[in-house]
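Heads up, the thing below is written out as structure tokens.
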Amino acid sequence: MTFPMTSTMTSALRSAAWLLIVAALFAPVVFGLNTYYVHVLNLAWIFAIAALGLSVATGVAGQIVLGQAALVGFGAYATALLMMRLSLPWWIALPGAMVLTGLVGAVLGLISTRIKGHYLAIVTLALNEIFRIVALNEESLTGGPMGLRNIPTLHIPMLGDNIDRQLYLPLVLLMFASYAVMVHFHRSSLGRELRAVRDDEMAAEAMGVNSVRAKTIAFVICSVWAALAGGLYVLLVGFVAPTNFTIAESIKMMLMVVIGGLGSIPGTMLGAFVVTVLPEALRDLQTYYMAAFGAGVVVIMLVWPKGLGVVADWLCGDFLTRGREAEVPAPAGPLSLAHAIAATSSTARRTAAEPDGGTLMRLRDVSRSFGGVRALNDVSFEVRRGEILGVIGPNGSGKSTMINACSGVVHVEGAIELEAGRIENRPPWDIHALGVARIFQNVRLWESMTVLENVMVAWRPVAGEASGEAAIRAAALAALDQMGVRHLAMRRARDLSFGQSRLVEMARAIVARPKILLLDEPAAGLRGGLVLELAQILKNLRDQGMTVLVVEHRIKLVTSMCDRVVVLNLGDLIADGPPAAVMETQAVVEAYLGERADASADAMPRRIRRRSASPVVVRG
Amino acid sequence: MLGQVIASGLAMGCIYALVALGYAYVWNTMAIVNFAAGEFLTFSAYVFVATFTTSLGLPFWMALGLTAGAMALMGALFSRLVFARLQRQRALVAIIATVGFGIFLKEMARIIYGPEPLLYVSPFGDDMLDVGGIRLSMQQILIMVVVVVIMAAQYLVLRYTMIGKVMRATALDRETAALMGIPVNAVLAGTFAFSCVLAALAGILLAPLFYVTTEMGTMVGLKGFVAMIIGGFGSVPGAIVGGLLLGVAENVGAFTISSTYKDAIAFTLLLAFLVVRPEGLIPERNADRA
């Protein structure tokens with residue numbers, strides 16, 4: 001938000017807005033609003049709770065759920081049946097229904113780890129329809145099309161003369177409490193993980209986020225709020241019927257989340273209010289209302305994707321993000337790593353790990369095929385503790401596949417050992433936890449999150465050291481400082497230049513203090529001066545005890561910083577040794593430049609030699 | 001009796017195949033699923049019955065042609081104004097936007113033509129034809145004939161004509177196609193228009209079997225999507241096979257297991273396929289990953 005006013009003015013305005021909101025919330029009680037309108041408002045609060053669950057699953061975690069009404073219905077029927085069949089009081093029946101629905105959500109979550117995108121949309125739609133058909137036909141349990149009637153409702157006589165007045169204030173309070181809990185969740189470490197999965201699932205997994213767990217949690221949260229809404233509905237109106245939980249209702253709840261700006265939790269509350277109350281306010285226009293709504297969704301998705309979230313986020317202010325980090329002045333001039341070099345070297349503590357400190361990681365006969373193409377063919381080599389190992393090779397020689405295999409992104413045949421344990425084909429987050437971090441060839445940051453949050457997601461606890469938000473924050477800021485980009489901490493990742501993103505990605509990779517850092521062409525897209533500064537930083541990281549495996553194309557960079565080089569060609573390992581020696585190897589020269597022609601083509605090698613400034617020398 | 005059940009299932013399967021084919025074409029060229037396809041079907045059934053047949057009193061074939069033309073025009077417009085812009089977005093945004101457009105279309109049908117269901121009597125009469133002991137209504141035979149003609153025509157066009165080659169090139173690699181001078185945007189709009197014509201045909205053919213209501217297309221649209229997943233996401237022959245299979249399975253299931261759970265059968269089949277064979281019967285190269 002860039003409001004042209006001072007922050008004190010903003011916060012005064014915000015306080016005034018809240019005062020108005022609170023006054024408006026109490027108005028129906030104070031002025032004795034018509035019962036029908038109180039009922040509509042009560043429904044709005046209940047819908048807001050149901051949509052809150054959807055907002056977490058779809059908005060925050062990116063899992064498309066078009067069957068929320070079925071989950072609400074499940075909660076409603078469960079509450080009703082527990083009260084009617086087992087004669088349980090509401091304060092046991094309602095939490096019981098929430099637990100049952102949460103279990104359904106956990107199953108859905110496990111399904112969603114196998115089914116994504118369009119499939120998940122159609123599956124949730126299908127489940128909604130199946131739920132409706134079952135509720136319609138299993139009369140002995142659900143009461144069939146007439147539903148369940150005469151369910152005991154909740155009475156609080158001191159709050160008013162009828163049930164809608166009695167439940168109005170409790171529902172308002174419950175709804176605000178629910179949203180406060182979820183806003184808090186959104187900014188917690190679990191909330192960050194969910195957002196990372198939404199923005200880029202593969203990067204999230206590689207940086208230590210257990211996506212199966214994250215999605216399951218998202219679905220459980222989605223179901224639990226749905227069940228609470230369903231149970232409250234039962235306690236308010238005293239009956240349930242299948243027509244209350246159709247696909248159309250699910251889509252209506254999705255609209256609330258969309259109008260609230262997909263991903264904004266407080267926005268969903270406004271969305272629910274608008275979607276429930278507006279049709280009543282526009283009763284005369286009822287005919288055109290739904291049509292306008294449908295068109296409105298299309299327009300919002302195309303031109304105003306943030307929806308009402310803009311307003312709601314402003315109202316919540318700092319509560320959403322927790323206090324901002326004090327701004328660090330941006331360095332004058334272009335992006336420079338000079339400061340970062342100083343930062344890394346000043347903390348450099350030469351550990352016992354010398355370049356020849358034994359084997360850290362070993363690949364044995366690793367193979368991988370894509371269709372008929374063999375990307376890796378029985379590749380074996382080892383990475384020694386405390387060295388910078390360069391992996392070079394022409395395009396298509398299997399370098400990226402090798403990095404993907406070492407970080408668990410692709411499955412391979414053969415063995416990859418880290419210290420004593422095997423890591424091949426294990427989930428990426430397990431491998432990250434064991435001390436393997438990576439960067440991607442094309443930068444993969446979580447674009448909707450801030451730079452600081454990006455780095456915080458990848459943080460992992462170290463035994464015996466402080467954890468908790470403050471410690472994570474401090475560690476993330478230190479990592480950003482090491483890469484010379486601390487001044488970007490509060491920026492959105494999508495607003496960064498390519499070079500800045502690369503450095504943030506480096507900070508994200510080192511924040512968990514990995515044993516080994518896998519870098520896939522870290523210098524790509526960096527300008528010349530920055531490349532050499534990056535090489536210096538990598539050397540400093542090595543001097544701190546980190547082992548680095550770097551895939552790189554720039555021979556100059558490789559020879560200047562690597563302790564050792566392995567060369568891949570068409571999936572085969574063709575050379576292994578110190579940089580200078582490897583560059584002289586006949587097989588390497590042939591792989592890069594083609595086989596040497598005989599005297600008749602004598603002029604060609606010389607031309608190549610003149611054009612390439614690299615030390616790959618063809619002796620002709 | 002089972003033969004009879006299978007035959008009428010095949011007729012319904014033909015309708016699913018038409019809708020599924022529309023999904024497959026749009027998926028191949030634009031990589032978006034049009035969740036409003038069922039509502040395009042509903043809308044065209046209304047246009048056909050209420051406007052061209054009842055109000056203007058046009059003969060069947062003329063009304064059919066005009067409806068197809070009107071829906072093609074609408075589809076091309078929608079494609080240029082909305083669909084093309086959704087391509088740069090996440091799948092979630094595209095799904096929600098097309099669902100929103102579906103609501104808009106359904107409500108427009110209700111606003112323009114009113115909430116009452118429309119009755120449309122088939123111009124080919126209620127006669128039953130006996131084909132080898134199985135009795136089929138004229139409408140069911142018409143459905144099968146139209147679908148066979150459409151399937152053959154689209155195959156021949158895709159395989160042997162310049163338009164077909166241009167479409168396939170665009171589907172395979174849009175950027176290269178553009179560099180080779182193919183008017184990519186026109187091809188995309190044309191493909192979407194064709195998918196709308198398919199939905200229109202499905203709506204017109206369904207009109208005499210059920211009442212024309214604002215809800216008639218919703219379930220058919222969803223089941224067409226199920227049919228495409230069963231056949232293989234984005235696969236043209238898969239859409240046809242999946243549609244026919246779904247139609248037959250649904251009818252046989254309703255006959256042998258329970259007719260009250262008829263709609264649930266299609267979705268159960270979908271879940272079974274997603275677990276056992278998520279790539280579908282005839283997998284497509286650039287399918288969406290399950």
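Selection of segment A:271-281 for residues being farther than 24 Å from A:Arg195 by Cβ and away from chain B (no Cβ under 14 Å) yields A:Phe273, A:Val274, A:Thr276, A:Val277, A:Leu278, A:Glu280, A:Ala281. Among the listed residues B:Val275, B:Val220, B:Val226, which satisfies the condition of being in a helix (DSSP H, G or I), free of Cβ contacts under 8 Å to residues at least 24 places away in the same chain and within 14 Å of another protein chain (Cβ to nearest Cβ)? After ruling out the rest, the residue left standing is B:Val275.
Screening segment A:554-579 for residues that are modelled with pLDDT under 80 and assigned to a helix (DSSP H, G or I) and picking the one that is surrounded by the most Cβ atoms within 10 Å (Cβ to Cβ) gives A:Ile555.
So which of B:Tyr160, B:Tyr155, B:Tyr211 ends up being within 21 Å of B:Thr51 (Cβ to Cβ) and aromatic (Phe, Trp, Tyr)? B:Tyr211 is the lone residue from the list that is within 21 Å of B:Thr51 (Cβ to Cβ) and aromatic (Phe, Trp, Tyr). In segment B:27-52, the residues that are under 18 Å from B:Leu209 (Cβ atoms) and part of a helix (DSSP H, G or I) form Cβ pairs under 7 Å with partners that are polar (S, T, N, Q) and at pLDDT 90 or above, at six or more places apart or across chains, as follows: B:Ser44/B:Thr67; B:Val47/B:Thr67; B:Phe48/B:Thr67. Of the conditions (1) surrounded by 15 or more Cβ atoms within 10 Å (Cβ to Cβ); (2) of a type in the set (Gly, Ala, Ser); (3) outside any helix (DSSP H, G or I), A:Gly32 satisfies every one except a single condition; which number is it? Result: A:Gly32 fails condition (1) only.
Applying the criterion of being charged (D, E, K, R) and in a loop (DSSP other than H, G, I, E, B) to the residues of segment A:487-535, the residue that is modelled with the lowest pLDDT is A:Arg527. Filtering segment A:125-135 for residues that are buried (at least 16 other Cβ atoms within 10 Å of the Cβ), under 26 Å from B:Ile265 (Cβ atoms) and more than 14 Å from every other protein chain (Cβ to nearest Cβ) leaves an empty set.
Could you please give the count of residues in segment B:132-187 that are exposed (fewer than 13 other Cβ atoms within 10 Å of the Cβ) and among the hydroxyl-bearing types (Ser, Thr, Tyr)? Residues flagged as exposed (fewer than 13 other Cβ atoms within 10 Å of the Cβ) and among the hydroxyl-bearing types (Ser, Thr, Tyr) within segment B:132-187 amount to 3.
For segment A:458-476, residues that are within 24 Å of A:Pro428 (Cα to Cα), assigned to a loop (DSSP other than H, G, I, E, B) and of a type in the set (A, V, I, L, M) total 3.
Surrounded by fewer than 18 Cβ atoms within 10 Å (Cβ to Cβ), modelled with pLDDT of 90 or more, touching a helix residue (DSSP H, G or I) at 6+ places or on another chain (Cβ under 6 Å) and assigned to a helix (DSSP H, G or I), is that true of B:Leu66?
Details: surrounded by fewer than 18 Cβ atoms within 10 Å (Cβ to Cβ): yes; modelled with pLDDT of 90 or more: yes; touching a helix residue (DSSP H, G or I) at 6+ places or on another chain (Cβ under 6 Å): yes; assigned to a helix (DSSP H, G or I): yes.
Taking the combined requirement at face value, the residue satisfies it.
If you go through segment B:111-130 and pick out every residue that is more than 14 Å from chain A (Cβ to nearest Cβ), assigned to a loop (DSSP other than H, G, I, E, B) and in contact (Cβ under 8 Å) with a residue 12 or more places away in the chain, you end up with 9.
Among the criteria (1) more than 12 Å from chain B (Cβ to nearest Cβ); (2) touching a Ser or Thr at 6+ places or on another chain (Cβ under 9 Å); (3) not β-branched (Val, Ile, Thr), the one A:Ala214 does not fulfil is (2).
For segment A:253-270, a residue qualifies if it is in contact (Cβ under 8 Å) with a residue 60 or more places away in the chain, facing chain B (nearest Cβ under 10 Å) and assigned to a helix (DSSP H, G or I), and the qualifying residues are A:Met254, A:Val257.
Of all residues in segment B:72-95, none are surrounded by fewer than 19 Cβ atoms within 10 Å (Cβ to Cβ), aromatic (Phe, Trp, Tyr) and in a helix (DSSP H, G or I). Put simply, of B:Ile163, B:Ile143 the only residue that is part of a helix (DSSP H, G or I), over 30 Å from A:Met290 (Cβ atoms) and in contact with a Leu (Cβ under 6 Å, 6 or more places away or on another chain) is B:Ile143.
For the structure I just gave you, tell me whether A:Glu139 is within 14 Å of another protein chain (Cβ to nearest Cβ) and of a type in the set (Asp, Glu). So A:Glu139 passes the test.
Against the condition in contact with a Leu (Cβ under 8 Å, 6 or more places away or on another chain), modelled with pLDDT of 90 or more and more than 22 Å from A:Arg198 (Cα to Cα), how does A:Ala415 come out, does it pass? Judged against the criteria, A:Ala415 is a match.
Could you tell me whether any residue of segment B:239-257 is polar (S, T, N, Q) and within 14 Å of another protein chain (Cβ to nearest Cβ)? Checked against the condition, which is being polar (S, T, N, Q) and within 14 Å of another protein chain (Cβ to nearest Cβ), segment B:239-257 yields no hits at all.
If you go through segment A:371-403 one residue at a time, how many are in contact (Cβ under 8 Å) with a residue 24 or more places away in the chain and either in a strand (DSSP E or B) or touching a Ser or Thr at 6+ places or on another chain (Cβ under 9 Å) (or both)?
Of the residues in segment A:371-403, 18 are in contact (Cβ under 8 Å) with a residue 24 or more places away in the chain and either in a strand (DSSP E or B) or touching a Ser or Thr at 6+ places or on another chain (Cβ under 9 Å) (or both).
Restricting A:Leu66, A:Leu71, A:Leu108 to residues that are surrounded by 24 or more Cβ atoms within 10 Å (Cβ to Cβ), within 9 Å of chain B (Cβ to nearest Cβ) and under 25 Å from B:Ile96 (Cα atoms) narrows the list to A:Leu66. For segment A:283-300, does any single residue satisfy the condition of being in contact (Cβ under 8 Å) with a residue 24 or more places away in the chain, closer than 25 Å to A:Leu120 by Cα and out of contact with any Gly (no Cβ under 6 Å at 6 or more places or on another chain)? Within segment A:283-300, one or more residues are in contact (Cβ under 8 Å) with a residue 24 or more places away in the chain, closer than 25 Å to A:Leu120 by Cα and out of contact with any Gly (no Cβ under 6 Å at 6 or more places or on another chain).
Count of segment B:87-106 residues, restricted to those that are among the charged types (D, E, K, R) and at pLDDT below 90, is 2. Annotation note: of A:Leu445, A:Leu480, the sole residue that is farther than 21 Å from A:Ile431 by Cα and touching a helix residue (DSSP H, G or I) at 6+ places or on another chain (Cβ under 6 Å) is A:Leu480. A Cβ distance below 8 Å, combined with a sequence gap of six or more or placement on separate chains, defines the contacts here; from segment A:114-128, residues that are within 14 Å of A:Ile251 (Cβ to Cβ) reach residues that are hydroxyl-bearing (Ser, Thr, Tyr) and buried (at least 21 other Cβ atoms within 10 Å of the Cβ) in the pairs A:Thr124/A:Ser250; A:Leu125/A:Ser250; A:Asn128/A:Ser250. Taking the listed residues A:Ala433, A:Ala437, A:Ala458, A:Ala420, the one that is under 18 Å from the mean Cα position of the chain (by Cα) and within 27 Å of A:Ile574 (Cα to Cα) is A:Ala437, with no other qualifying.
Looking for something under 25 Å from A:Glu193 (Cβ atoms) and either assigned to a strand (DSSP E or B) or in contact (Cβ under 8 Å) with a residue 12 or more places away in the chain (or both) - is there at least one such residue anywhere in segment A:231-251? No - not one qualifying residue is present in segment A:231-251.
The values are calculated or read from the model by the stated rules, or taken from the named source; none is laboratory data. Worth saying up front: this structure is predicted, and the values here are computed from it rather than measured. Glycine also receives a Cβ, built like all others from the backbone with ideal geometry; neighbour counts cover every protein chain displayed.
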